[in-house]
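*Asks:* Structure incoming, see below.
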Amino acid sequence: MSVRTFLFLVAILLAVPGVAKLQAPGPQLIPDTGAIGSCNFVTGDFGFDCIPLYMTYLIRLAFSLAGGFAVFQIVQGGYEYAFSGLQQFGGLPDKEAGKKRITNAIIGLVVVVFTYLIIDTLVSVIFSG
């Protein structure tokens, strides 16, 4: 394990307990209430008209996870960029690697946002008409 990976894991382990208390439970395939729109998966009150609602819910869930991953990569690139001055002490990546990670993460985030907008529009047009 490199020094960079070790420092990153230590930073995450120190930050996780404080962040975990602020957040709700993680993403779920079915919401806690069991209801999506007029469909209720807990009581069994659903039919074929619930399929588009559930697909839309799953699409939003997938894109929110992808957006979260992009934000995580931006933060990791920021750490790489910030700690690049310590390169002489442990072979940490240079500033260019951090810049490249941040740039690629931002490009990925933009692609995810535009893809979500296109898919959400298509789903709403197909299933509302």
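The values are calculated or read from the model by the stated rules, or taken from the named source; none is laboratory data. Since the model is a prediction, treat every value here as computed from it, not as a measurement. Counting neighbours? That spans all protein chains shown, and the Cβs are built from the backbone with ideal geometry, glycine included.
Residues are listed down the side, and each one gets a yes or a no for (1) assigned to a helix (DSSP H, G or I); (2) among the aliphatic types (A, V, I, L, M); (3) under 30 Å from Val125 (Cα atoms):
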residue: Tyr54; (1), (2), (3): yes, no, yes
residue: Gln76; (1), (2), (3): yes, no, no
residue: Ala82; (1), (2), (3): yes, yes, no
residue: Glu96; (1), (2), (3): yes, no, no
residue: Lys99; (1), (2), (3): yes, no, no
residue: Thr103; (1), (2), (3): yes, no, no
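*Asks:* Return a yes/no flag: does the range 46-56 have any residue that is surrounded by 14 or more Cβ atoms within 10 Å (Cβ to Cβ), touching a helix residue (DSSP H, G or I) at 6+ places or on another chain (Cβ under 7 Å) and over 30 Å from Ile118 (Cβ atoms).
*Replies:* There is no residue in the range 46-56 that is surrounded by 14 or more Cβ atoms within 10 Å (Cβ to Cβ), touching a helix residue (DSSP H, G or I) at 6+ places or on another chain (Cβ under 7 Å) and over 30 Å from Ile118 (Cβ atoms).
*Asks:* Sticking with this structure for a sec: So in the range 61-106, with the set limited to residues that are closer than 30 Å to Ile30 by Cα and not hydrophobic (A, V, I, L, M, F, W, C), which one is modelled with the highest pLDDT?
*Replies:* Gln73
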